[in-house]
Amino acid sequence: MAQGANSSLEDAATIGSLLSHVTREDQIQSALSMFDAVRRKRVDQLVRETFAQGEEHHLPDGVLQQQRDERLARSMMPEFGPASEMPWTHPKIQSWVYDYHAYGEAEEAFAKNPF
């Protein structure tokens, strides 16, 4: 999914937001714990999706590769629309990846549980 650089920007926005609320040294650990809580689930899922996509892209020649190629070809046909069999072209997946607001999520987490 090629999200390594993007994930680092999300990390920066998240940690920047949370650290901006630190007013005392004893709050730093709470900010770091909140960073982990905010980021871990998304990052873990991105890593899983990335490895799955990598495996899908690098299938050896054979039946699985041919089935993948057929799914990919169908995903490019207008009659099937954007909700294809290829997860990374599905609008919900694309929205989850590209419409995420790291800063907003960090601010929301802090508002719910200020340290």
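Before moving on, here are some points about what is shown:
- Exposure proxy shown here: for ILE28, ILE15, the number of other Cβ atoms within 10 Å sets the order, fewest to most, as ILE28, ILE15.
- Neighbour counting of Cβ atoms within 10 Å sorts the residues LEU46, LEU18, fewest neighbours leading, into LEU46, LEU18.
- Since only HIS101, ALA73, PRO91 are under comparison, the one whose Cα sits farthest along the positive direction of the charge dipole of the chain, derived from C-beta charges on Lys, Arg, Asp and Glu, is HIS101.
- Ranked from largest, the principal axis spans of the Cα set of the chain equal 59, 29, 19 Å.
- Measuring nothing but how far apart in sequence close Cα pairs (under 8 Å, 6+ apart) lie, relative to its length, the chain scores a relative contact order of 37 percent.
- Computed extension length for ARG40-HIS101: 20.5 nm, one decimal, from 0.36 nm per residue of separation with the Cα-Cα distance subtracted.
- Candidates GLN67, GLN45, GLN94: whichever shows maximal mean-square fluctuation once the chain is modelled as a Gaussian network with Cα springs under 10 Å: GLN67
- Order of MET34, MET76 - criterion: other Cβ atoms within 10 Å of each residue's Cβ, fewest first: MET76, MET34
Only the coordinates and a few stated rules stand behind these numbers; no lab work does. This one's a predicted model, so the numbers in the text were calculated from it and none came from an experiment. Note that we place each Cβ from the backbone using ideal geometry, even for glycine, and neighbour counts take in every protein chain shown.
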